[in-house]
Amino acid sequence: MTEVLFGIAAAMTLGGGLGVVATRNVVHAALFLLLSLVSVAGLYLLLFAEFLALVQVLIYGGAIIIVLLFAIMLTRTREYPRISDNRQWPLAILAAGGLFAVVTAAFLWKPAPDAEPQGPGLAKLGETLFTDWALPFEVASLVLLVALIGAIIIARAGGRG
């Protein structure tokens, strides 16, 4: 059962990554990236890393995609010339194929050992985060809030001129 779930999550991760690089629409690329990042969170869950899965969904799947969509919406795309295809795509395909061959050979050469879940667990990490690290956590959230407010002010001031 675990192998089937791993196969599904891996296929969704690869499919999302392929969608990011294959689509011409930037918003669709951001949504494919979201699919890929959430699928990676599923892989973390299969590895018994609940905290990493939660961080993956909240930070990468949520915050980074929202910031990316804000950047797309606030960019004045009419001011930039159309970008043509890159002529180096055959070299990129060759490099990707070589990397795929090396990674596949590494997996086939030495299979992964059976492992038991390790680490402190989600409850202990949450307790430590909100007791010992509460002040740095709140300072980081205030810095991000000030940056968001500053971006809104800059975007509004730029639109009036």
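Bear in mind these aren't lab numbers, they're just calculated from the coordinates by the rules spelled out. All values reported here derive from a predicted model rather than from experimental measurement. Every residue, glycine as well, gets a Cβ built from its backbone with ideal geometry; the counts of neighbours run over all protein chains shown.
Assorted remarks:
- Difference of contour (0.36 nm per residue) and Cα-Cα distance, ARG156 to ASN25: 44.6 nm
- Cut-off of 10 Å, at most 11 other beta carbons, DSSP loop: longest stretch of the chain lacking such trypsin sites (Lys or Arg not before Pro): 88-161
- The magnitude of the dipole of the chain, with charges of +1 and -1 set on the Cβ of Lys/Arg and Asp/Glu and taken from the Cα centre, is near 1000 debye.
- Fraction of the pair-distance distribution of segment 120-161 above 14 Å, Cα-Cα pairs, percent: 64 percent
- Considering only LEU33, LEU94, LEU43, the mean-square fluctuation computed in a Gaussian network model of the chain, springs between alpha carbons under 10 angstrom, is largest for LEU94.
- For the chain, alpha-carbon Rg over 2.2 N^0.38 Å: 1.35
- Across all directions, the average projected area of the convex hull around the alpha carbons of segment 87-136 is 7.5 nm².
- GNM on the chain, alpha-carbon springs under 10 angstrom: the most fluctuating residue among GLY42, GLY150, GLY15 is GLY150.
- Among VAL103, VAL57, VAL27: highest mean-square fluctuation, GNM of the chain, C-alpha pairs under 10 Å: VAL103
- The simple Förster model, with R0 at 30 Å and r as the Cβ-Cβ distance, assigns LEU99 and LEU5 a FRET efficiency of 0.75.
- For the pair PHE107 and ILE149, label points projected 7 Å from Cα toward Cβ lie 4.8 nm apart.
- Segment 1-79: C-alpha gyration tensor shape, a/c 1.5 cut-off, then a/b vs b/c: oblate
- Mean residue ellipticity at 222 nm, helices only, the chain: -24000 deg cm²/dmol; runs of at least 4 DSSP H residues each add -39,500 (n - 2.57), and the sum is divided by the number of residues.
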